[in-house]
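> Quick one: the structure is below, questions incoming.
The numbers here are math on the coordinates, done by the rules we state, and not lab data. Please read these numbers as outputs of a predicted model, since none were measured by experiment. A quick note on method: Cβ atoms are made from the backbone with ideal geometry, for glycine too, and the neighbour counts reach across all protein chains shown.
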Amino acid sequence: MQDAERTHGGNDGYDDEPSRHYSWDSTVPNHAALAVGDVIALWDKRSLLGVSVIEGIDTAQAVKQTYCCPECGRARASRPRQNKTPAYRCWNCKAEFDAPTVRLREVTTYRSRHATAWVDMAGLLTAGELRGLCHSPSSQLSLRPLEWPRMRAQIVATGVPTSVNIADAVQQQLSGGHRAATVRVRLGQAAFRKRLLDEQGQVCAFTGPAPAAVLEAAHLYSFAADGRHHAQGGLLLRRDLHRLFDLGLIAVEPHRGTLDIAPALAAFADYTRLHSRPVTVPLSKGHRSWLTAHWNLHRK
């Protein structure tokens with residue numbers, strides 16, 4: 001999915017926030033091809049932005065305003081020229097005019113939801129490399145099929161600390177019959193965090209006491225693939241440690257309850273000194289069960 005500069009083709013563009021959602025409508029080729037459980041890669045004209053898995057797709061009906069050339073009628077004149085008159089020049093027939101013809105049409109709108117499994121990979125692959133991974137490398141479409149196994153291998157080959165295992169695991173669960181649960185948003189997240197603070201106190205499970213303001217409620221499982229807040233499915237973590245845990249760069253050996261720091265963090269002493277240290281809060285049977293699943297995902 002191409003993200004940047006999407007005010008084009010005779011329309012007012014789309015409201016995108018790459019790490020959370022992507023919008024398109026029924027005028028876009030391949031508009032109905034995406035489905036829950038699909039791995040998606042978002043990029044701009046220069047490079048990859050990130051990878052995620054579609055948790056849900058919201059649809060609606062809307063009226064779309066398009067701007068057309070008054071001479072040929074094609075939607076090729078949405079941006080006024082700077083310091084030139086007439087202000088518009090048609091991309092199709094080259095006619096010049098002061099104002100485009102405005103037309104209205106009914107469309108179906110789509111918005112993907114993919115925030116939970118999002119992994120930031122900004123700049124990891126160039127636009128040229130991404131085009132080469134598409135089924136049709138020369139295509140100029142905004143939505144185009146991608147060869148995920150090849151892309152996955154190319155991401156891993158960069159050696160950059162990131163995790164494609166998240167997309168693999170969530171995709172497998174979403175396509176395995178759990179779709180009804182996965183489309184839920186994080187309702188009750190504030191209550192979930194409060195419950196953890198009441199149970200565990202102002203303590204980061206990896207480093208010890210910390211102000212409540214820096215502690216986040218970290219799910220020990222994929223919330224996208226489950227959709228519920230389990231009583232023993234969370235720990236309080238500092239924001240940086242929460243992110244590294246989600247990526248699998250920090251894991252907990254479930255039997256000993258000790259931290260395992262991935263080799264990718266070897267250059268960062270603040271993290272490597274945590275290696276083999278025990279977690280700072282008691283682990284219940286439920287915690288260890290979820291941590292085992294996380295360990296199997298990122299260490300096996």
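> Which cross-chain or sequence-distant (5 or more) residues have an amide H under 5 Å from the amide H of SER47, H modelled 1.01 Å from N in plane?
Amide H neighbours of SER47, under 5 Å, 5+ apart: ALA127.
> Which whole-Hz couplings ³J(HN,Hα) result when phi for each residue of region 238-248 is put into the Karplus expression 6.51 cos²θ - 1.76 cosθ + 1.60, θ = phi - 60°, listed in order with x for Gly and Pro?
Along region 238-248, the couplings run 4, 4, 5, 5, 4, 5, 5, 5, 4, 7, x Hz.
> Suppose the chain between ASP168 and GLU253 were pulled fully straight at 0.36 nm per residue; how much longer would it get relative to their current alpha carbon spacing? Don't jump to the answer; show the numbers that get you there.
Details: separation 85, 0.36 × 85 = 30.60 nm, distance 2.14 nm.
Net length gain for the segment: 28.5 nm.
> Between ALA213 and ALA33, what length in nm is gained on full extension when 0.36 nm per residue of separation is reduced by their alpha carbon distance? All intermediate terms of the calculation are to be shown ahead of the outcome.
Values: separation 180, 0.36 × 180 = 64.80 nm, distance 4.22 nm.
Computed gain between ALA213 and ALA33 is 60.6 nm.
> How large is ³J(HN,Hα) for each residue in region 289-296, as worked out from phi by the Karplus curve 6.51 cos²θ - 1.76 cosθ + 1.60 (θ = phi - 60°), to whole Hz, x for Gly and Pro?
Here the 3J(HN,Hα) series is 5, 5, 5, 5, 5, 5, 4, 5 Hz.
> While we're here: Taking the Cα centre of region 34-84 as the origin and placing charges on Cβ (Lys, Arg +1; Asp, Glu -1), which of GLY73, VAL51, GLN61 is farthest toward the positive end of the dipole?
So the residue we want is GLY73.
> Taking 35 Å as R0, compute the FRET efficiency from the Cβ-Cβ separation of THR59 and ALA95 and round it to 0.05. Please list the in-between numbers first.
On the way: r = 36 Å, r/R0 = 1.03.
In this case the efficiency is close to 0.45.
> For each of GLU129, GLU17, count neighbouring Cβ atoms within 10 Å of the residue's Cβ, then give the residues from fewest to most. Can you show the working numbers first?
Details: GLU129 14, GLU17 10.
The order, fewest Cβ neighbours first, is GLU17, GLU129.
> Fewest Cβ neighbours within 10 Å first, please rank ILE155, ILE166 accordingly. Before the final figure, lay out the partial values.
On the way: ILE155 21, ILE166 24.
Ranking ILE155, ILE166 by Cβ neighbours within 10 Å, fewest first, gives ILE155, ILE166.
> Taking neighbour Cβ counts within 10 Å as the exposure measure, how do HIS114, HIS31, HIS219, HIS298 sort from fewest upward? Kindly include the intermediate steps, with their values, before the conclusion.
Details: HIS114 28, HIS31 16, HIS219 24, HIS298 20.
Lowest count first: HIS31, HIS298, HIS219, HIS114.
> To the nearest 0.05, how large is the calculated FRET efficiency for ALA115 and SER26 if R₀ is 25 Å and r is the Cβ-Cβ distance? Display every interim value, and only then the final one.
On the way: r = 24 Å, r/R0 = 0.95.
Efficiency for this residue pair is about 0.55.
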